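Reviewing the structure listed below.
The values are calculated or read from the model by the stated rules, or taken from the named source; none is laboratory data. As the structure is a prediction and not an experimental result, all values here were calculated from the model. Cβ sites come from the backbone with ideal geometry, for glycine too, and all protein chains shown count toward neighbours.
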Amino acid sequence: MILVEAQGGDEFNYIEKIMVVCSLGLPLFTALACFAEKKGWSKQKNLLIQSAAALLLAAYYFSLPPDIDDPLYHLQRFLLLNIAFHFVVAFLPYLGGNQVQGFWQYNKSLFLRFLTAVLYSGVLYLGLTLAMAALDYLFGVDIDDESYFQLWLVMAGIINTWIFLAGIPQNLEQLNHVSDYPKGLKVFTQYVLLPLVGLYFIILIAYEAKIIITWTWPKGWVSHMVLWYSVVGILSLLLLHPLREQSENKWIQIFSKWFFRALIPLVAMLFLAILARISDYGITENRYYVLAMAVGLAIVVLYFVFSKVKDIRVIPIVICAIALLSAYGPWSAFTVSLKSQQGRMEKFLTENQMLVEGKLQEAPLELPLETESEMSSIISYLNETHGMESFSEWLSDSVIKTLDTVNRYSRPLEIAKVMGIEYMPYYRSSDSQQYFDFTPREREMIKLEGYDYLIDLGSYNIGAIDQKFPLGGDSMHVIYNIQTYVFKFIFIHGRDSAAFETIEYPLTGPAGDLIKKWRTGNVPQGELIFNIDGKKFDAKLIVKQISGFKRKEEVIVNLLSADILLRQN
């Protein structure tokens, strides 16, 4: 609430760090308290273990940088720890022994209580928001916009949490002997979740058959489909678990048995998809997470296919273990990703003779466009995710210290300059089209000598344009054709409506030339000035921004901001 009131500011970074540590403490202390209650520990023993946890959280606080998302991997590590600690809450009180029934009843209570807390706190927030709005509009009470967000923070952070914690079962040991099952939960799982599982399964199996028939590599997004299918399917099985032994529900055992067997080819496809991306572009944190989830899913699938016990507690334990392993150690997402991208950069530098005996030097030949684009993307990734220390293998300590003072968003351009390459922000692309967006790197003063007129075309999300500009006693029409992407400049003499010169200028030409040379991003001003030659008039198009996309060989411009200089011959 302080951060909302102050609208951020570096002087409040310590509050962000306290928030991060406390949000980890919430699931961690909840898990420890439930574990201690389940074991029947004394208050002294409980206090001792919670004090140890508090010391670990304090150590974590001091390990954080002043700004928790600079570099970004600290924020990602926090999210991994948060996931791990929440799953610790799920299994720690019922770890060991034959306590699967208690484990299920306990997590069912947490799940339903979470939904109840969201409903109660949501209704409270909505009601109080409407009351505040009524005071504002009906009685003129001045209520700041920030107050609504602060109210949401109170409801989501405090009230919602209190309502949830108040519903944690009191006697955890007794849950091992409880066998009740909510009918609404069975209906939701059987008639909502399971049909979704069946639909996803048909789609994915059909896609896998297409891969085999056409012998094409699986698309990258298929990994998300497989993971979501697995999550929904496993959640369905967990929700139906207590009913599997009932004679009228034998189909649940059959579904469980064949669900995990059916997952085997999909998990194989998942590995193929993510390993293809890693082979092309190396490992980043996001690809590491997908690979880690694939490994975890493979472990769960193999366990439920080949194990005779089929203990559902394995699922949260595997998720927790993978989250913790991804957060720390030489095998963590951050260490592996850093080494992978540093290795790719080292390879580019060596192949282009820019790294000799460990020292940077200017490239003897002009770098290929694709190489500069890939190196720029690595620079952007290392700067944002791992900070300036990730460049220590190539840059001196003094250079790193100097660059570290540059704004983090402008830093990649300066790093690229020092490393001797032309920085090109990494462009987003899909299988069917490639996006571009060009703006001047540094606006330069442009001589108007020899020109008679300056026309500001403004900024257009390009549709049909038809504007008329007076030029002394003459005039000029500017027309843009949205089908052909062609500008048409029509010069009219005096009051005569007949044009005495028409110049057509396709935007696709200069945009295509820019894409071939720069891909996207900030480019020198001179690259965005284009001459338009006519017989009676000459023009100079000075682009401030031009963006769009290239689909195969077709260039489509959908935004332009520019000025035109005109002179009469």
Meets criteria (assigned to a loop (DSSP other than H, G, I, E, B) and more than 18 Å from Arg287 (Cα to Cα)) for Leu365: yes
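Among Ile446, Ile462, which is of a type in the set (Val, Ile, Thr), touching a strand residue (DSSP E or B) at 6+ places or on another chain (Cβ under 9 Å), at pLDDT below 65 and under 16 Å from Ala562 (Cα atoms)?
After applying the criteria, what remains is Ile462.
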Some residue of the range 515-533 being in a strand (DSSP E or B), in the same structural domain as Ile479 (by TED's automatic domain parsing) and within 14 Å of Val478 (Cα to Cα): yes
Residues of the range 375-391 that turn out to be within 13 Å of Met419 (Cβ to Cβ) and either at pLDDT below 90 or out of contact with any Ser or Thr (no Cβ under 7 Å at 6 or more places or on another chain) (or both), as a count: 9
Qualifying residue in the range 531-543 (condition: over 29 Å from Ala416 (Cα atoms), surrounded by fewer than 19 Cβ atoms within 10 Å (Cβ to Cβ), without any contact (Cβ under 8 Å) to a residue 40 or more places away in the chain and of a type in the set (Asp, Glu)): yes
Residue check for Gly494: of a type in the set (Gly, Ala, Ser), modelled with pLDDT under 80 and in contact with a Pro (Cβ under 6 Å, 6 or more places away or on another chain): no
Candidates Leu528, Leu514, Leu507, filtered to the one that is modelled with pLDDT of 85 or more, within 30 Å of Ser380 (Cβ to Cβ) and buried (at least 17 other Cβ atoms within 10 Å of the Cβ): Leu528
Criterion (farther than 30 Å from Leu243 by Cα and without any contact (Cβ under 8 Å) to a residue 24 or more places away in the chain) met by exactly one of Leu24, Leu55, Leu28: Leu55
Hey, Ser398 outside the structural domain of Ser279 (by TED's automatic domain parsing) and either modelled with pLDDT under 90 or under 25 Å from the mean Cα position of the chain (by Cα) (or both) or not: no
Residue under evaluation Phe469, criteria (1) at pLDDT 80 or above; (2) surrounded by 13 or more Cβ atoms within 10 Å (Cβ to Cβ); (3) farther than 30 Å from Met375 by Cα, criterion not met: (1)
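Okay, residues lined up against (1) of a type in the set (Ser, Thr, Tyr); (2) more than 30 Å from Leu239 (Cα to Cα); (3) modelled with pLDDT under 90:
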position	(1), (2), (3)
Gly127	no, yes, no
Tyr137	yes, yes, yes
Asp142	no, yes, yes
Asn160	no, no, no
Ser179	yes, no, yes
Pro182	no, no, yes
Phe188	no, no, yes
Test: residue in the range 177-188 that is surrounded by 13 or more Cβ atoms within 10 Å (Cβ to Cβ) and not in a helix (DSSP H, G or I): yes
Test: residue in the range 385-395 that is in a helix (DSSP H, G or I) and within 21 Å of the chain's Cα centre (by Cα): yes
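For the range 262-311, name all the residues that are among the aromatic types (Phe, Trp, Tyr) and over 30 Å from Phe348 (Cα atoms).
Those that are among the aromatic types (Phe, Trp, Tyr) and over 30 Å from Phe348 (Cα atoms): Tyr303, Phe304, Phe306.
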Helices (runs of 4 or more DSSP H) wholly inside the range 1-108 that include at least 3 residues being under 17 Å from Pro169 (Cα atoms): 13-39, 73-91
Failed condition for Ser63, given (1) among the polar types (S, T, N, Q); (2) within 30 Å of Leu238 (Cβ to Cβ); (3) free of Cβ contacts under 8 Å to residues at least 40 places away in the same chain: (2)
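Just to verify a result, which residue in the range 214-245, among those that are small (Gly, Ala, Ser) and farther than 16 Å from Val192 by Cα, is modelled with the highest pLDDT?
My answer is Ser223.
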The range 94-115 - residue that is polar (S, T, N, Q) and over 15 Å from Cys34 (Cβ atoms) and, of those, surrounded by the most Cβ atoms within 10 Å (Cβ to Cβ): Gln101
